[in-house]
Amino acid sequence: MKKILLVDDDESIQLLYQEELKEEGYQIVSATTGDEGLEKFREENPDLVILDIQMPGLNGIEVIR
């Protein structure tokens, strides 16, 4: 099963993506901050990352760097 890391601070967006992607057979790992996203990226080794650009603290562009 392919694993997707979803990093977004908006709970409604998180729920929408999780519901749709799980329905398609993907395993979803979630994070709500850039720092948490980096930590989970290292721990989980996802196949794909869906990353929000505008987040408080460490934003998406900083996470990519």
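Structure notes:
- Degrees between helix 11-23 axis and first principal axis of the chain (Cα, 0 to 90, nearest 10): 30 degrees
- Relative to the Cα centre, the charge distribution of the chain, modelled as +1 at Lys and Arg Cβ and -1 at Asp and Glu Cβ, gives a dipole magnitude of about 300 debye.
- Database remark: amide H of residue 50 closer than 5 angstrom to the amide H of 5, 6, 7 (H placed geometrically; neighbours at sequence offset of 5 or more, or on other chains; Pro and chain starts carry no H).
- Taking all protein chains into account, the per residue accessible area for the chain stands at 69 Å² (1.4 Å probe).
- Gained length - residue 48 relative to residue 18, 0.36 nm times residue gap less alpha-carbon distance: 9.4 nm
- Surface composition of the chain: carbon and sulfur make up 48 percent of the accessible area, probe 1.4 Å.
- Cα lying deepest toward the dipole's positive end in the chain, options 57, 17, 45, charges on Cβ: 45
- Relative to the longest principal axis of the Cα atoms of the chain, the long axis of helix 34-44 makes an angle of roughly 50 degrees.
- Relative contact order (percent, whole number), the chain, Cα cutoff 8 Å, 6+ residue spacing: 41 percent
The values are calculated or read from the model by the stated rules, or taken from the named source; none is laboratory data. Because the structure is predicted, anything quoted here is derived from the model rather than measured. Cβ: placed from backbone, ideal geometry, glycine included. Neighbour counts: every protein chain shown. Surface areas here come from the heavy atoms of the whole protein model, side chains and all, with no ligands, DNA or RNA. Shrake-Rupley method; radii C 1.70, N 1.55, O 1.52, S 1.80 Å.
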